[in-house]
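Structure first, commentary second.
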Amino acid sequence: MTALEKKSPCKVNLLLNILGRRPDGFHALETVFHPVNLCDQLAFTRGSVGIQLTCSDPSLPTDTGNLVHRAATSFLRAGNIREGVRIRLEKKIPLAAGLGGGSGNAATTLLGLNELFGQPLPAAKLAELAAALGSDVNFFLQDQPALATGRGELIAALAPFPALRGASFFLIHPGFGISTPWAYQNLARFPAAQNGTPGRARKLIQQLQAADLAPASQEFYNSLEAPALDKYPILKMYQAFLRAHGAAATLMSGSGSTTFALFQQPSLAEAVVEPFKAKFGENCWTAVVPV
Ligand code: C5P
């Protein structure tokens, strides 16, 4: 049987404004997600019993410790499907990176299996399964920029931003990851960052809907930079360097450690790769991705 192949993209948060800790332990937030066309690859084949997951990256678990496995389990259970499935995951997106790689893999698994088995589950059910798998999973059930609220699972899709037309992302992973629970726990040491005022997301969105990126550049904000940049000042140095080299905006994505810059033209982003590596070393992972 031929496999169903699906790309699994990642994201950056153009803004992540945390609005306080909720009684359930999660944090209320408003965030602006933007898709990034840097993709893992998933292949799904029906047959046999149970879930057989294989992965190109030996450091990732292939059992219930992998979000793909958990997504497949919840899909088969919700669809009352007895048949098994084989899944192959080819990783390209760095791990523990704030790029939502694992969340995207989980969403792509829900969408892929729903296609493979003839769409047994409606969109609302997929959204419910996605939210149970993680706060960022729902965003990846669709492919537009989005405003997310709640704990990140309530998604309002947005039209592509005119201010980002023709721009490129320059992404840097420094070679160490930051765990999401660590970032949220340590946010408690920064009460102003933990208890942001709502409205910043709408303001950024309004500015990105204009034709020019320059006025929006001051509005990029991430509450989780408070604990992350305090522990890893190298991330601050990256941002200063990128701004000095013409970046229109820089920010850490999600809970980090990936830091990104937006350049108004791909050539400006390409031109910073070598100077960046000369300054910070060849061990950093970098990628230039058109918006
Ligand atoms: O939902 P997800 O599995 O990505 O969350 C991982 C951890 O990040 C949670 O267990 C929680 O500690 C923290 N988190 C949070 N508030 C959010 C999202 C995540 O506190 N809105």
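Taken together, the values in this text are just the output of simple stated rules run on the coordinates, not laboratory data. Bear in mind the structure is a predicted one, so any value in this text is a computation, not a measurement. Cβ coordinates were reconstructed from backbone atoms using ideal geometry, including for glycine residues, and neighbour counts include every protein chain displayed.
For region 9-23, filtering for residues that are within 9 Å of the ligand (Cβ to nearest atom) and of a type outside the set (Val, Ile, Thr) leaves 2.
Every residue in region 24-39 that is within 19 Å of Gly150 (Cα to Cα) and either more than 16 Å from the ligand (Cβ to nearest atom) or out of contact with any Leu (no Cβ under 7 Å at 6 or more places or on another chain) (or both), please.
Selection gives Asp24, Gly25, Phe26, His27, Phe33, His34.
Summed over region 116-131, residues that are within 16 Å of the ligand (Cβ to nearest atom) and among the hydrophobic types (A, V, I, L, M, F, W, C) total 4.
Anything in region 171-189 that is under 26 Å from Phe280 (Cβ atoms) and aromatic (Phe, Trp, Tyr)? List them, or say none. The answer is Phe176, Trp182.
For region 95-112, filtered to residues that are surrounded by 22 or more Cβ atoms within 10 Å (Cβ to Cβ) and touching a Gly at 6+ places or on another chain (Cβ under 8 Å), the residue that is nearest to Gly79 (Cα to Cα) is Ala106. Among all residues of region 117-135, there is at least one that is touching a residue at least 12 places away in the same chain (Cβ under 8 Å) and touching an Asp or Glu at 6+ places or on another chain (Cβ under 6 Å).
Scan region 225-250 for residues that are closer than 19 Å to Asn13 by Cα and touching a Leu at 6+ places or on another chain (Cβ under 7 Å) and the total you get is 10.
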